[in-house]
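To keep things clear, I will list the structure first and then write my remarks on it.
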Amino acid sequence: MTNALRIFQDASDLDNISIASPCHAEWSDMVGSDTVRFCASCQKNVFHLSGMKRDEAIDLLRATEGRVCVRFYRRHDGTVLTEDCPVGFQAAL
């Protein structure tokens, strides 16, 4: 098991993710859906974790071993906002 897989064994570990090299492309300039869009700048799919349910986001990170382009909102308390919290998700938009 890789370190990336070990990181995402617990649902609370989603809140510990960080982006090593953030992309500066605008989400609104990308083509796709509410949860995944294609970035013409880096030529990769970018997944919007805050547009997914918490379990879906964790499953994606596990399946890709954490090697994936993502976008997300982080609450003031440090937790990652997901679709499971519709009030918080709507406020972030």
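Computed from the coordinates by the stated procedures, all read-outs in this text should not be read as laboratory data. This one's a predicted model, so the numbers in the text were calculated from it and none came from an experiment. Cβ: placed from backbone, ideal geometry, glycine included. Neighbour counts: every protein chain shown.
Kindly provide the set of residues from segment 19-64 that are under 23 Å from Cys85 (Cα atoms), among the β-branched types (Val, Ile, Thr) and loosely packed, with under 12 Cβ neighbours inside 10 Å, ordered by number. Listed by number, the list holds a single entry, Ile19. All of (1) under 22 Å from Cys85 (Cβ atoms); (2) basic (Lys, Arg); (3) not in a helix (DSSP H, G or I) hold for Arg67 with one exception: (1).
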